[in-house]
Amino acid sequence: MIFTTIEDFKTYVGGAVNQSLEIDSINPTVDAAFEQYLRPWLGDALADAIIDDPSAFTALMPNVKRALAKLTMYKYSKIGAIQFSETGMHRVETDNVKSAYKYQEEEYALSMLEEGFEAIEQMLRFLDLHEEDYDEWTTSDAYQMHNAFFLRYASEMRRHYSKYVTRYAYESMRAIIEQVECFAIEAILPPALYALLKTNHIATTSSAHEKKAVNFIQKAITEFTIYEAMQRLWVKVDGDRLVHHEHVDNNLRSDNARAEGQAISLAMRHHNLRANRWINQLLVYIADNQSAFPLAFCNAE
């Protein structure tokens, strides 16, 4: 059991959880959230080890609990106010406590979802920094999935596009990131150079020239990914935020100022143009620094 007391659980979600909420009531949701959201990034071996003995992972557990508590509340917010009896489904209300309004429920759920995904990113950063201590992780498919792309973190996308890109939006675009990297980056670089740049980037051993090349690559991937995602209507610009576009109860979770028609067409054209400019910058930079990128040229020894 990852959370043994409600006090422990409250440490990671704050005062929104009342003391009257019992840990036994939410533990089934804790288990479901762990399986759905955390196991894919921890890998089966590490996830099973954590479940078997959380006390063996003292340094890692605050990162796990932070993500798990918030994502548990996201899932629990959908069912917490509902009870079943012989007469069917009921909403729980008392003389002193009324159910939240629908918009309050949705805003709270979205907040927990986005904060939970940001906490997953922080958990992955911790594992990256201490991977030598977690053999179960470094030998897992989860580790390979995490290190599959040049653009591994939403924070990297924020740096290249907007500080308001959420990890939740990033997750919705991972399939596009994979396709963009394959067809826009891997296809234009010699295989040996592509492999070297990625290997050194993940190992944080890149030279100064390689870091600059990876910076161009990340910028291009970011622009192409947003272009493709907007084209497929997977994400949208909501004010100053890039958000995942989804429906909840036949209503858009975030529907203010949704760009349409000419506005969305101009935005897509802008991202496509900028992406191609960054690709050009990458190729020019490699050509201007042949000694730093010998694998890019036919006469390399």
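Rule-based calculations on the coordinates, nothing more; no lab input. For clarity, every value in this text was computed on a predicted model and none was experimentally measured. Here Cβ is always computed from backbone atoms with ideal geometry, including for glycine, and neighbour counts include all displayed protein chains.
For region 136-225, the square roots of the Cα gyration tensor eigenvalues, ordered a ≥ b ≥ c, give a/c below 1.5, which places it in the rounded category.
Amide H contacts for THR166 (H built 1.01 Å from N in the peptide plane; partners 5 or more residues away or on another chain; cut-off under 5 Å): LEU242.
Considering only the other residues whose Cβ falls under 11 Å of the Cβ of PHE117, what net charge follows from Lys and Arg at +1 and Asp and Glu at -1?
-3
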